[in-house]
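The values are calculated or read from the model by the stated rules, or taken from the named source; none is laboratory data. Owing to the predicted nature of the structure, the values given are computational and were not obtained by experimental measurement. Please note: Cβ atoms are built from the backbone with ideal geometry, for glycine as well, and neighbour counts cover all protein chains shown. Remember, those area values only see protein heavy atoms, side chains included, never the ligands or the DNA or RNA. Shrake-Rupley method; radii C 1.70, N 1.55, O 1.52, S 1.80 Å.
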Amino acid sequence: MINLSVKKNISIAIAIITITITGLKLIVYSLNLYAYFTPEQIGYFELKFITNCCFFLSGIALYIINTPTLTTFKKYLLNFIAIVVFGIGFFILIQYGLITIATNDFTKFALVNPAWQTWLFNRMNSFPAYCFTILGVILLIINKKNFHIIVHILIVLLLFPLILFLINYLFFANIVFKFIPGTESIKILSVLLFILICIGILYSKPLAYIEKYRFQQKIFIFFTVISILVITVFYEIEKNNSSVISSEKWIEHTNEVLLKTNEILIGAIDIETGSRGYTITGDPLFLAPYFEAKRNITIAIEQLKQLVSDNPAQLLQVDSLNNLLNQSIEARKQIVLIRSQHNFTFGSTNALHYNGKAITDNIRLLIKHIEAEEYRLLAKRTNSNAISVKNVKSIIAIFKVILFLLLLTVF
């Protein structure tokens, strides 16, 4: 069991670390020292200015909480910092909420309203704003013993998504990005600082007296958290199952398109082969595959149009393919008519044969383009399917890790 003085020292150390990191960042901002860092270094440790200021103030507040004597001035300063942190977070959340409700697309709103572009790219996003709103409330009530149970609940509300994000970042699962809005661009440094501050608050002087909960309280907290986790896990599994089913349907759809293009190509070759065989031999038996292919191609083209109706680019290529097939059929029809005449001479259809061959070559090329696009879509959909399956496995693994940590913590 960690004694009170050790807890307090840990909390103070966290406050100093937070103040140091964010204070150095403020110096970098003030002196414009970004030129001395590589883009990769800036990317990992970048904090938006307003976010950095809130972390700096939170570190100061955590340090004040742990001072031996909380004077009237310190109380006022602590409350002022708490109100500022809460106000910034809450105000930004309200702005995000109002604009999203009004436009259903905040980014689109900012792009068509240039005055808001600076706001979008320089202010913290919605998830840190949510965290600072809760953190501000915690700092306001932490010295009131009657509200300590609320402080613990609020810390759970902070830590739960933060730990999920950290696991998500480590395992590249991309689960939190879909489930929690505003986490797409949050930096790992922000997550680590939030987690450190939460630990600092739990080990701070006002909460250090809490050594353990009663067994009944542990059971209640454990099953409450587990219930939330189970709901979250099943929600994500259901979403991923739907994604897998959708991906499988699209994979099947792509395979149908590929089979249909292959059928059309075979038909085009049959038309060419049948007309050539009839030209050489004059035997009508060679026209059987020619006439059969003409009928099958008409049906296959219509089916292919229906299959790619959701893809305008592919539909345009299918229309071009249909035109080429009609040209090929017309050219072969002319060859058959000339061969059926009594005054037919070998060589009289050579020009038509060359023209027909050129059309067939174009048909092959266009079908290759259609199939290449379908193979690209197939690869994309197969990859999406694999990611969905991986996400389900990651969700289950994360659930097991959190469950194990809860068991260690509670019991």
Ranked highest first by average number of other Cβ atoms within 10 Å, how do 124-133, 324-333 line up?
124-133, 324-333
Leaving ligands, DNA and RNA out of it, rank Val156, Val191 by accessible area with a 1.4 Å probe, largest first.
Val156, Val191
So, over other residues within a Cβ distance under 12 Å of Phe291, counting Lys, Arg +1 and Asp, Glu -1, the net charge is +2
For the stretch 246-272 and the stretch 297-312, what is the separation of their C-alpha centers, rounded to whole Å?
10 Å
Spacing of the two label points (7 Å from each Cα toward its C-beta) at Asn262 and Tyr29, in nm
6.1 nm
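How charged is the neighbourhood of Ala82? Take every other residue with its Cβ under 14 Å from the Cβ of Ala82, and add Lys/Arg as +1 and Asp/Glu as -1.
On the way: positive: Lys74, Lys75, Lys144; negative: none.
Overall, the nearby charge balance is +3.
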